[in-house]
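First the structure, in the form of structure tokens, and then the observations on it.
The values are calculated or read from the model by the stated rules, or taken from the named source; none is laboratory data. None of the values given here were measured: they were computed from a predicted structure. Glycine gets a Cβ as well: all are built from the backbone with ideal geometry, and neighbour counts include every protein chain shown. Keep in mind that these areas ignore ligands, DNA and RNA; they rest on the heavy atoms of the full protein, side chains included. Shrake-Rupley method; radii C 1.70, N 1.55, O 1.52, S 1.80 Å.
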Amino acid sequence: MEGYDLIGDVHGCGATLAALLEKLGYHQRGGVYRHPRRRVIFLGDLIDRGPRIRLAVTIARRMVEEGEAFIVMGNHEVNALAYCHRAPTGLGREWLREHTPRHNRIIQETLEQFRDHPQEWEEALAWFLEIPLCLERDGLRVVHACWDQPLIDALRRDFPDGRIDEEFLAESVTPGTRAFRILDRLTRGIHIPLPEGVEIHSGDGFTRRSFRAHFWAREPQTWGDVVFQPDNLPGDLERRPLSPEERARLSHYGPEEPPLFIGHYWCEGIPALPAANVACLDYSAVKFGRLVAYRWSGERRLDANHFVWIRVPREEQARPQPWEIDFD
């Protein structure tokens, strides 16, 4: 083993994923992408929005099941599980994740692409529940959105391998519960509410009333010190001081910690390192950005020269590709 190739949020860009694996030196044998000396770690969010969701899930699942890859769960896999699991009696709703217009829109592409393959979708959901929330391997750490050590310690007390069960999933939809805090922080990160009446009209078509904050600033003082998303804060909110309550909500990942890989934050432009020991690999692939990997070979201080990416072409359509895996 030379190391790991960590791959950011695919979001259904299955053909581009296949092309990126080929660029990294992986080749299909027996329907599985393999490398003689390296393994992949997927950072979650395989599904939703993109044109080749079934292909993306199949590539990743087959690699994981054959020992050629590892994976952590993204918030979109969490959303799919909650959307498709009925709520227990007494919760006051039919599904764990209510089927509101906003929630319907997020998962619409996934359900449409699996519509004629219901058994395949059920198997995918069962596999999602087997995916751990975080990984530590050979000197690196991986989580979809935020490494919060106290919450990860709490998770591992009950789930040493980081894999949750249906009971934990059901508990996680109730704000204030331990399961909610763990799942929300690890897969969705830190959100700071915007002032009353202020909204962000995001480039992905959603209106948001909070912003995503990062967790590696040593002594942040303002909102601008922690904001981590491509959408600018309205007005002069970047200069707004963090309140004591907001500062207490933040996690902190110090420079002495092992290298950490995250996705989730839909960065834009040329991949760069936000900190010497932190790499974000979500570069908005589904918005015709880049599907990004980082080739890690044991270094403790990360190097931006180790990013590898492919631009996602606008012409990627749901059509057969020369590298397509046979589903049937």
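Worth pointing out:
- If you check I131, I107, I164 for being modelled with pLDDT of 95 or more, part of a helix (DSSP H, G or I), closer than 15 Å to N75 by Cα and β-branched (V, I, T), only one passes: I107.
- Qualifying residue in segment 55-70 (condition: assigned to a loop (DSSP other than H, G, I, E, B) and touching a Lys or Arg at 6+ places or on another chain (Cβ under 7 Å)): yes
- Across segment 72-116, the number of residues qualifying as under 22 Å from C134 (Cβ atoms) and open to solvent by 20 Å² or more (accessible area, probe 1.4 Å) comes to 2.
- Residues satisfying the stated conditions in segment 259-309, i.e. of a type in the set (D, E, K, R) and open to solvent by less than 30 Å² (accessible area, probe 1.4 Å): D282
- Tallying residues that are open to solvent by 40 Å² or more (accessible area, probe 1.4 Å), over 19 Å from R247 (Cα atoms) and acidic (D, E) within segment 197-220 yields 1.
- Segment 167-196: number of residues that are farther than 19 Å from H214 by Cβ, outside any loop (DSSP other than H, G, I, E, B) and open to solvent by 40 Å² or more (accessible area, probe 1.4 Å): 4
- Taking the criterion of being within 18 Å of G44 (Cβ to Cβ) and either open to solvent by 40 Å² or more (accessible area, probe 1.4 Å) or aromatic (F, W, Y) (or both), the residues of segment 124-155 that qualify are A126, W127, F128, E130, E136, R137, W147.
- Filter result for E315 (acidic (D, E), at pLDDT below 95 and either surrounded by 13 or more Cβ atoms within 10 Å (Cβ to Cβ) or under 20 Å from V57 (Cα atoms) (or both)): no
- Filtered by the rule that a residue be in a loop (DSSP other than H, G, I, E, B) and not hydrophobic (A, V, I, L, M, F, W, C), segment 45-54 gives D45, D48, R49, G50, P51, R52.
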